[in-house]
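Chemist: My structure is below; once you've seen it, I'll send some questions.
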């Protein structure tokens, strides 16, 4: 779960050292605790999830970056279901 808003761009999600997906955290309407990524494993065990800021959002109307380049990534929560 993460915050989505005008101030955020895209993040790369890696699971156990392998690139999994790019998640777009840009949203015209601010959202907190938005479900943005999901992963399932066939068996229980220890895993590593890495979230890295990548490409900032480019506004298609203006062509300018609308995200704050100094802002990090705001991860609100990880939910683990067993």
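Only the coordinates and a few stated rules stand behind these numbers; no lab work does. Predicted, not measured: the structure shown is a model, and the values here were computed from it. As a convention, Cβ positions derive from the backbone with ideal geometry for all residues, glycine included, and neighbour counts pool all protein chains shown.
Chemist: Using a basic spin-label model with each label point 7 Å from the Cα along Cα→Cβ, how many nm lie between residue 14 and residue 74?
Modeler: The two pseudo-label positions are separated by 2.6 nm.
Chemist: Would you list 53, 4 from fewest to most Cβ contacts within 10 Å? Walk me through the numbers on the way to the answer.
Modeler: Numbers: 53 16, 4 20.
Lowest to highest Cβ neighbour count: 53, 4.
Chemist: Now a separate question. For residue 52 and residue 32, FRET efficiency with R0 = 25 Å and r from the beta-carbon atoms, rounded to 0.05?
Modeler: Numbers: r = 21 Å, r/R0 = 0.84.
Rounded to the nearest 0.05, the efficiency is 0.75.
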